[in-house]
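Working notes, structure below.
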Amino acid sequence: MVCASGCDSRPATLPATLKILVAGGFGAGKTTFVGAVSEIDPLCTEELLSGLSEGADPVDGVETKKTTTVALDFGRITLDERHVLYLFGTPGQERFWFLWEELCAGALGAVVLADTRRLADCFPAVDFFERRGIGFVVAVNEFDGAHRYTAEEVRAAVGLGPRVPVVRCDARLTSSGTGALAALVHHLLTTRSAHPAKTSDPGEPP
Ligand SMILES: Nc1nc2c(ncn2[C@@H]2O[C@H](COP(=O)(O)OP(=O)(O)O)[C@@H](O)[C@H]2O)c(=O)[nH]1
Ligand SMILES: [Mg+2]
């Protein structure tokens, strides 16, 4: 916008884009999480679960789940006029693992959702980010009626390092999702100031 005195208040450059991944097992709440925190209607690729997918997408423990994300979820949060956060929910099914390499290029970090009904399902995501040195937090999505684990029980069950934050989360709530994202940013800032040599530009692949 141009003001009366002729000054131009538009940002000189396009906003910098920051990318965060939301990962976790099938049915852990990734689509729900992205939808709850995104300021735009999330682009998601949900399809009804069919009998044909039963072998590939086991629903033990998540029998009420009726849809599955065929590729990925996408959401956006505008932080300020210079920074926009893009959220990518990774596909949970193993047959879409090839997409993960593409998705994690340039990612700042990740939120790994742990489903309290199938805790071990978040391990592949944890392992993936650990191997690539991508910072992440584990957000424990506590489903109704499921066992309530302490953060230390989750840490031990998934084999997390002592510095990986474990936070509680209800993926349906915006405030809870935002809290998990804030924990991730805090973790990334802390890790980077402790290991400045490992810092990579958010626009560069890790
Ligand atoms: N009770 C409860 N249900 C949840 C929570 N997060 C997700 N759900 C429900 O669990 C189901 C699977 O979630 P979805 O986001 O599709 O999982 P995804 O496969 O990881 O994308 C949906 O019906 C959600 O409404 C949660 O924190 N608590
Ligand atoms: Mg999904």
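Search the range 74-89 for residues that are surrounded by fewer than 16 Cβ atoms within 10 Å (Cβ to Cβ) and pair each with any residue that is part of a strand (DSSP E or B) and hydrophobic (A, V, I, L, M, F, W, C) when their beta-carbon atoms are under 8 Å apart and the residues are at least 6 apart or on different chains.
Once the first residue is surrounded by fewer than 16 Cβ atoms within 10 Å (Cβ to Cβ) and sits in the range 74-89, its partners that are part of a strand (DSSP E or B) and hydrophobic (A, V, I, L, M, F, W, C) give Thr78/Val84; Thr78/Leu85; Leu79/Leu18; Leu79/Leu85; Arg82/Ala16; His83/Ala16; His83/Leu18.
From the list Cys104, Cys122, pick out the single residue that is over 26 Å from Ala16 (Cα atoms) and crowded, with 20+ Cβ neighbours inside 10 Å.
Exactly one residue qualifies, and that residue is Cys122.
May I ask you to list the residues in the range 5-27 that are over 18 Å from Leu184 (Cα atoms), out of contact with any Gly (no Cβ under 6 Å at 6 or more places or on another chain) and at pLDDT 60 or above?
Across the range 5-27, the qualifying residues are Ala12, Thr13, Leu14, Pro15, Ala16, Gly27.
Tell me, which residue of the range 125-147 that is touching a strand residue (DSSP E or B) at 6+ places or on another chain (Cβ under 6 Å) and small (Gly, Ala, Ser) is surrounded by the fewest Cβ atoms within 10 Å (Cβ to Cβ)?
Gly135
Anything in the range 146-166 that is closer than 18 Å to Asp127 by Cα and in contact (Cβ under 8 Å) with a residue 24 or more places away in the chain? List them, or say none.
Val154, Ala157, Val158, Gly159, Leu160, Gly161, Arg163, Val164, Pro165, Val166
Can you say whether Thr150 is exposed (fewer than 13 other Cβ atoms within 10 Å of the Cβ) and of a type in the set (Val, Ile, Thr), as far as the supplied structure shows? It would help to see each step written out before you state the result.
On the way: exposed (fewer than 13 other Cβ atoms within 10 Å of the Cβ): yes; of a type in the set (Val, Ile, Thr): yes.
Criteria met by Thr150.
The values are calculated or read from the model by the stated rules, or taken from the named source; none is laboratory data. Nothing here was measured: the structure is a model prediction, and the numbers come from that model. Positions of Cβ are backbone-derived with ideal geometry, glycine not excepted, and every protein chain shown enters the neighbour counts.
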